[in-house]
Amino acid sequence: MASELIIKELHVAVNGQEILKGVNLTVQPGTVHAIMGPNGSGKSTLAYTIAGHPNYEVTDGEIIYKGENILELEADERSKLGIFLAFQYPVAVPGVTVANFLRAAINAQRAQEGVDPKETAIPMVQFRRELRAAMESLSMDESFARRYLNDGFSGGEKKRLEILQMTMLKPSMAVMDETDSGLDIDALRVVSEGVNRLLNPELGVLVITHYQRLLDYIKPQFVSVMMEGRVVRSGGPELALELEERGYDWIKEELVGDAS
Ligand SMILES: Nc1ncnc2c1ncn2[C@@H]1O[C@H](COP(=O)(O)OP(=O)(O)OP(=O)(O)O)[C@@H](O)[C@H]1O
Ligand SMILES: [Mg+2]
């Protein structure tokens, strides 16, 4: 199908060092695909590469989305195509309020080549209404809209803001990098419900997590394990339960067995 995300034999280097060593992965629209794996296995590298971060140099392989080779697109063009990344470590932008940032992001997405941006900009009244509704659904106090982006936000507040962005931008391919980390139990539920409300037959979700706990809320159809820059195991939701119980050593041992 045309709106699949297809990653083929992807090799990525950072500062000249190869981090991803042939990743193969497909995310179908309307499905949730979880990626787990030890620290340093390349999960965030994969997320940044999909989003088009300039520091991540693709040395081989392909990423196809909606039938297009997105490696030829800049990050903003990928975003226009519907790709969204919720960061593991969101950055603070002092001087830019949450509301202004979101409005600029929405307007950038709506902009069309050769058309005056004023023509396509979201009407202020509509923006305010959508923002208020989205913040309410995520139990965020209205005052957050006037604060500077992530400036002085707690860990949990930053993660909530990522989901607020996702709610407002309505991507068709969402990559969530450890959105659960730092969330208290109530926030985990609120954020997960926020994500679940966005699920629809067009939306593909790639959720990176260390914990089964998140997957109790956001239920994946597929689970893949990354290790040392490769996807080494794939399965259904039961694979996450098995990892929770047994850790990663058994996979490492099986890999050594496979190689010999
Ligand atoms: N900008 C960078 N400069 C140097 N090394 C990097 C950079 N980005 C990633 N790496 C290295 O690439 C490897 C993979 O990192 P990555 O952040 O993708 O792992 P991860 O699977 O997301 O880990 P975690 O579970 O801890 O978030 C690590 O060894 C990391 O140090
Ligand atoms: Mg990471």
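The values are calculated or read from the model by the stated rules, or taken from the named source; none is laboratory data. Since this is a predicted model, take the numbers as computed values, not measurements. Neighbour counts are summed over all protein chains in view; Cβ atoms, including those assigned to glycine, are modelled from backbone coordinates with ideal geometry.
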note = The residue from V91, V96, V58 that alone is within 16 Å of ligand 2 (Cβ to nearest atom), in contact (Cβ under 8 Å) with a residue 24 or more places away in the chain and surrounded by fewer than 21 Cβ atoms within 10 Å (Cβ to Cβ) is V91
query = Of the conditions (1) modelled with pLDDT under 95; (2) closer than 16 Å to L102 by Cα; (3) crowded, with 19+ Cβ neighbours inside 10 Å, E142 fails just one. Which one is it?
reply = (3)
Region 189-213, residues that are more than 14 Å from the chain's Cα centre (by Cα) and closer than 16 Å to F87 by Cα = H210
message = Take the residues in region 14-47 that are within 16 Å of ligand 2 (Cβ to nearest atom) and β-branched (V, I, T); name whichever of them is surrounded by the most Cβ atoms within 10 Å (Cβ to Cβ).
response = I35
message = Going by what's in this entry, would H11 be described as surrounded by 14 or more Cβ atoms within 10 Å (Cβ to Cβ), within 16 Å of ligand 2 (Cβ to nearest atom) and either over 20 Å from T209 (Cβ atoms) or not acidic (D, E) (or both)?
response = no
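Per-residue answers, yes or no, for (1) farther than 28 Å from N100 by Cβ; (2) within 16 Å of ligand 2 (Cβ to nearest atom):
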position: R160; (1), (2): no, no
position: M176; (1), (2): no, yes
position: D180; (1), (2): no, yes
position: A187; (1), (2): no, no
position: V190; (1), (2): no, no
position: V195; (1), (2): no, no
position: P201; (1), (2): yes, no
position: V205; (1), (2): no, no
message = Considering only residues that are under 16 Å from V23 (Cα atoms) and either modelled with pLDDT under 95 or outside any strand (DSSP E or B) (or both), which ones fall in region 207-228?
response = E228
request  = Show the residue pairs that are 6+ apart or on different chains and have beta-carbon atoms under 6 Å apart, the first residue being within region 19-31 and assigned to a strand (DSSP E or B), the second being within 16 Å of ligand 1 (Cβ to nearest atom) and of a type in the set (S, T, Y).
outcome  = I19/T45; L20/T45
